[in-house]
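Here is the structure we will look at, set down as structure tokens.
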Amino acid sequence: MWLRCGRTSNYFTSFSCRVFRSRLDVLGRRGCKTAAFMPEAAGFEGVSSRSELQELSVSRSSSSFWAAVARHRLSWISPFTTVQDCDLSRGRIKWFEGGKLNVSVNCLDRHVHTCPDRVALIWERDEPGSEVRVTYRQLLEMTCRVGNLLRRHGVKRGDCVTIYMPTCPLAVASMLACARIGAAHNVVFAGFSAEALSERIRDAQSSVVITVNQGVRGGKVTELKRTVDEAVQSCPAVRRVFVAMRTEAAVVMTARDVAMEEEMSTEDTVCEPAAMDSEDILFLLYTSGSTGKPKGLVHTQAGYLLYAALTHRYVFDYHDGDVFGCVADIGWITGHSYSVYGPLVNGGTTVLFESTPIYPDPGRYWEMVQRLKINQFYGAPTAIRLLLKYGDQWVTKYDRSSLKTLGSVGEPINTEAWEWYYSVVGDRRCPVVDTWWQTETGGICIAPRPSDPDAEIVPGMAMRPFFGIKPVLMDTEGKVVTSNNTSGALCIAQPWPGMARSIHNNHQRFTETYCQPYPGYFYTGDGAYRSKEGYYQITGRLDDVINVSGHRIGTAEIEDVVNQCSAVAESAVIGFSHDIKGQGVYAFVVLKKSADAQESDLSRQLKDAVSKKIAKYACPDHIQIVKRLPKTRSGKIMRRVLRKVVERELDGLGDLSTLDDPAVVQEIIDGHAELLRKQQSQ
Ligand code: WTA
């Protein structure tokens, strides 16, 4: 077992414990209470309540807050010399510079020293009742073997490895192995198509891909290795594809492919961790924006890890020994921060969920809660809405007394779903935390907890900013709205350690998207309402990004694919309210004059194209063929009009005087009604 860093970590931990204990001794009772909540608070003068802790974290002295937390919660190989060096207006964000650390040592080695046999991962395999437990010692060994294997095949510090795998321990070990040897990882959700994967491999400049022979989800097998084969045909830089075996099925292997488990078995279980700078890249994660191609958001080492640790601990009230059940896929940021990094850096036990909420039946989540004794359950509103329709009996027949906190993420949770989650799933015992955040923010920014233990929680509201987060609302003129009971564009007024640093290969796009719309502020792209009491409620995207079952997709990306079809002249894609998915995809399509495609054929063709070029979840639910689109005289599509038609808000179409030809609106209304009629009669 590799020890050097471990000793460093022990030194730092015991050092900080001594400092904090001696400070604790001189505190009064209230201070003690706050220090019991957050040990670092003992070192902050004048802080004797949780709200004062929050104030400190966003005050001019915020650096002292973050410095103490970073020293206390992370193991450093060498200490940082500056806390922050940020200029939001120019998109410069740097935290804990001068410091060196290794993320995998923080997530593994230091826990192996104190509790090697504690379970790190519980892999809830697709096949119910066949979970696999992996201890910290085993996960460290697995990670070291993968690290050595990658090194032997030439992966170096600064390279980027693409991971295209289902949620499983080897995927986690692969992420941590990258971190161990100083490579960045780029996890691509295994539901993405070959084309989407290949675009991400090329953009990330990966020469190595890790995958599995086949994926298994909801009882269905997917040919992941075959998808990788297809993807890398257009990625000449890829020299190695590591293939792990999720099923027994043999797959065709080429000279480029490496049988992963076979080669791992001969690797050493000790792998020297690289000493990384705080601001070296930890990972890229691609997500959709309102225009152009998906962007590879860049997260770095120390700040991201610290923020994941702190939010995991305090939003969910996670304590040692708890079993944390985040059911997100590791291909999304939620899987990164709350299935992997947050729980592991805190020495927790985390569930890796490979299945779906309704496989083999709609009781899957709650049967799993009973079997694994899950204490915190973190899921998506879309799944809650789906399960609600199946009825309470799928929930109540299982013992859920282990549950302490219920979390929700990815999209607004409507009151009905919130109430059901709270009363049926949680028996009105467990706080429901509606957590707002984004791939860009790295971790949760607004959530009802932490707060005073009995503080109210309002259904369907994210409510309170986390430590270090200062939300502001902007009006249409770009001015900060100071009053309550108002809405505006949600921005964050100062940098925090978990935020993304850049867009890979395109820092200009980063500053243009997030820093320039409201100079000096981070612009989220979401709208929010601030209540009379000062609580935040997220109202949805302000840009052309839609959120299908909690998965982001840019309307422009879908339009790109639709427009490539030979019969299509142009298109406009919008999101619309969907009972289960939150939002669905609605495409308006104008055909070329020469096209004589049958409507049903065309619809199938377009759906196939979207699923082949992007992913199934992005497929349009409805395709309406129109003669023309509503455009302004300058040629801009008026999406607002399309949205109102689809949402049946015909009274609120607004000012149509800038339309080139207002008659187009009636055509679209009629066509929409006709489409609905046809669908109902089918
Ligand atoms: C939306 C997911 C309302 C929002 C972690 C955001 C939410 C986008 C919530 C980010 C919430 C996420 N309430 N909306 N609690 N959480 N969103 O990058 O529009 O996949 O901008 O990150 O999801 O999606 P992403």
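The values are calculated or read from the model by the stated rules, or taken from the named source; none is laboratory data. Note that the structure is predicted; figures quoted are calculated from it, not measured. Glycine also receives a Cβ, built like all others from the backbone with ideal geometry; neighbour counts cover every protein chain displayed. Surface areas here come from the heavy atoms of the whole protein model, side chains and all, with no ligands, DNA or RNA. Shrake-Rupley method; radii C 1.70, N 1.55, O 1.52, S 1.80 Å.
Considering Leu305, Leu285, which residue is part of a strand (DSSP E or B), surrounded by 24 or more Cβ atoms within 10 Å (Cβ to Cβ) and at negative phi?
Working: Leu305 fails: part of a strand (DSSP E or B).
Every option except Leu285 fails the conditions.
Please verify whether the stretch 450-457 includes one or more residues that are away from the ligand (no atom under 16 Å from the Cβ), open to solvent by 40 Å² or more (accessible area, probe 1.4 Å) and either basic (Lys, Arg) or farther than 22 Å from Val47 by Cβ (or both).
Among the residues of the stretch 450-457, at least one is away from the ligand (no atom under 16 Å from the Cβ), open to solvent by 40 Å² or more (accessible area, probe 1.4 Å) and either basic (Lys, Arg) or farther than 22 Å from Val47 by Cβ (or both), which makes the answer yes.
Return the pair list, or none, for Cβ contacts closer than 8 Å from residues in the stretch 115-128 that are of a type in the set (Gly, Ala, Ser) to residues that are open to solvent by 40 Å² or more (accessible area, probe 1.4 Å), at least 6 apart or on different chains.
From residues that are of a type in the set (Gly, Ala, Ser), the pairs are Ala120/Gln138.
Would it be correct to say that Arg226 is crowded, with 21+ Cβ neighbours inside 10 Å and assigned to a helix (DSSP H, G or I)? Don't jump to the end; show me each part of the working.
Numbers: crowded, with 21+ Cβ neighbours inside 10 Å: no; assigned to a helix (DSSP H, G or I): yes.
Criteria not met by Arg226.
If I go through the stretch 420-435 residue by residue, how many of them are within 16 Å of the ligand (Cβ to nearest atom) and either open to solvent by less than 10 Å² (accessible area, probe 1.4 Å) or of a type in the set (Asp, Glu) (or both)?
Number of matching residues: 5.
Any residue at all in the stretch 379-388 that's at pLDDT 95 or above and not in a helix (DSSP H, G or I)?
Yes, the stretch 379-388 has at least one match.
Does the stretch 397-415 contain any residue that is touching a helix residue (DSSP H, G or I) at 6+ places or on another chain (Cβ under 8 Å), touching a residue at least 40 places away in the same chain (Cβ under 8 Å), assigned to a loop (DSSP other than H, G, I, E, B) and away from the ligand (no atom under 16 Å from the Cβ)?
Looking for residues that are touching a helix residue (DSSP H, G or I) at 6+ places or on another chain (Cβ under 8 Å), touching a residue at least 40 places away in the same chain (Cβ under 8 Å), assigned to a loop (DSSP other than H, G, I, E, B) and away from the ligand (no atom under 16 Å from the Cβ), one finds at least one in the stretch 397-415, hence yes.
Just to be sure, is Lys678 exposed (fewer than 15 other Cβ atoms within 10 Å of the Cβ), in a helix (DSSP H, G or I) and either in contact with a helix residue (DSSP H, G or I) (Cβ under 9 Å, 6 or more places away or on another chain) or not aliphatic (A, V, I, L, M) (or both)?
It is true that Lys678 is exposed (fewer than 15 other Cβ atoms within 10 Å of the Cβ), in a helix (DSSP H, G or I) and either in contact with a helix residue (DSSP H, G or I) (Cβ under 9 Å, 6 or more places away or on another chain) or not aliphatic (A, V, I, L, M) (or both).
Condition check ((1) modelled with pLDDT of 95 or more; (2) farther than 23 Å from Gln301 by Cα; (3) touching a strand residue (DSSP E or B) at 6+ places or on another chain (Cβ under 8 Å); (4) not in a helix (DSSP H, G or I)) across all residues:
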residue	(1), (2), (3), (4)
Glu45	no, yes, no, yes
Ser48	no, yes, no, yes
Leu53	yes, yes, no, no
Ser57	yes, no, no, no
Phe65	yes, no, no, no
Ala68	yes, no, no, no
Ser75	yes, no, yes, yes
Thr81	yes, no, no, yes
Ser89	no, no, no, no
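Among the residues of the stretch 534-567, write down those that are on the phi < 0 side of the Ramachandran plot, out of contact with any strand residue (DSSP E or B) (no Cβ under 8 Å at 6 or more places or on another chain) and free of Cβ contacts under 8 Å to residues at least 60 places away in the same chain.
Asp560, Val561, Gln564, Cys565, Ser566 - these are the residues of the stretch 534-567 that are on the phi < 0 side of the Ramachandran plot, out of contact with any strand residue (DSSP E or B) (no Cβ under 8 Å at 6 or more places or on another chain) and free of Cβ contacts under 8 Å to residues at least 60 places away in the same chain.
So in the stretch 343-359, with the set limited to residues that are part of a helix (DSSP H, G or I) and closer than 18 Å to Glu124 by Cβ, which one is nearest to the ligand (Cβ to nearest atom)?
Out of the qualifying residues, it is Pro343.
Return the total of residues in the stretch 632-655 being within 20 Å of Tyr586 (Cβ to Cβ), touching a residue at least 12 places away in the same chain (Cβ under 8 Å) and open to solvent by less than 70 Å² (accessible area, probe 1.4 Å).
11
Those residues that are among the aliphatic types (A, V, I, L, M) and within 18 Å of Ile469 (Cβ to Cβ), I need them from the stretch 304-335; list them, please. Lay out the reasoning, then the answer.
Our first condition is that a residue be among the aliphatic types (A, V, I, L, M); within the stretch 304-335, this holds for 305-306, 308-310, 315, 323, 327-328, 330, 333.
Listed by number, the residues that qualify are Leu305, Leu306, Ala308, Ala309, Leu310, Val315, Ile333.
Residues that are surrounded by fewer than 20 Cβ atoms within 10 Å (Cβ to Cβ), at least 1 per element: which strands (runs of 3 or more DSSP E) completely within the stretch 104-222 meet that? Before you say what the answer is, go through the steps one by one.
Values: elements: 119-124, 132-135, 160-164, 184-187, 208-212, 215-217, 220-222.
Result: 119-124, 132-135, 215-217, 220-222.
Condition (residue is aromatic (Phe, Trp, Tyr) and open to solvent by 10 Å² or more (accessible area, probe 1.4 Å)) applied to the stretch 74-92: is it met by at least one residue?
Yes.
Tally the residues that are outside any strand (DSSP E or B) and either within 16 Å of the ligand (Cβ to nearest atom) or of a type in the set (S, T, N, Q) (or both), restricting the search to the stretch 309-342.
Kept after step one, since they are outside any strand (DSSP E or B), are these residues of the stretch 309-342: 309-322, 327-342.
From the residues that got through so far, the ones that are either within 16 Å of the ligand (Cβ to nearest atom) or of a type in the set (S, T, N, Q) (or both) too are 311-312, 315-316, 327-342.
Number satisfying all stated conditions: 20.
Table: residues versus (1) without any contact (Cβ under 8 Å) to a residue 60 or more places away in the chain; (2) more than 13 Å from the ligand (Cβ to nearest atom); (3) touching a Gly at 6+ places or on another chain (Cβ under 9 Å).
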position	(1), (2), (3)
Phe467	no, yes, no
Met474	yes, yes, yes
Ser483	yes, yes, no
Ser487	yes, yes, yes
Ala500	no, no, yes
Tyr514	no, no, yes
